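Values in this text are rule-based calculations from the coordinates and carry no lab data. Keep in mind that this is a model prediction, so the values were computed, not measured. All Cβ positions, glycine included, derive from the backbone under ideal geometry; neighbour counts span all protein chains shown.
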């Protein structure tokens, strides 16, 4: 069974991942986004009180926000706003992962 960090990596980067669908022009996969939200919330709970997290998590956290924002430029204003709202929710959950 995959751990939450491996699940997050797959949800973002697999061929059917959230970032790939955005880059390919397929739009925001809301179901995938909801799965990302859940895994990030689970990671925040798992890492609460820890002073260190995995390098893989840092790598994902650094890349996800700018990748999503740059992809939003290729969509209509309505879809771009949905993508930016998703970005905001993801970055808030990432902050939760990094807080003590």
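Computed from the Cα positions only, the extents of the chain along the three principal axes stand at 41, 26, 20 Å, in decreasing order. Judged by the mean number of other Cβ atoms found within 10 Å, the most tightly packed of the peptides 16-23, 90-97 leads the ranking 16-23, 90-97.
Against the chain, whose longest principal axis comes from its Cα atoms, helix 77-98 is set at around 10 degrees. Taking every C-alpha pair closer than 8 Å and separated by at least 6 residues, the mean separation divided by the residue count of the chain gives a relative contact order of 34 percent. In the chain, the longest principal axis of the Cα atoms and the axis of helix 55-72 are about 20 degrees apart.
Residue exposure proxy: 30, 52, 89, ordered by other Cβ atoms within 10 angstrom of their Cβ from fewest to most, comes out as 52, 30, 89. Angle, helix 4-13 long axis vs. longest principal axis of the chain, Cα atoms, 0 to 90°, nearest 10? Between the helix axis and the principal axis of the chain, the angle is about 20 degrees.
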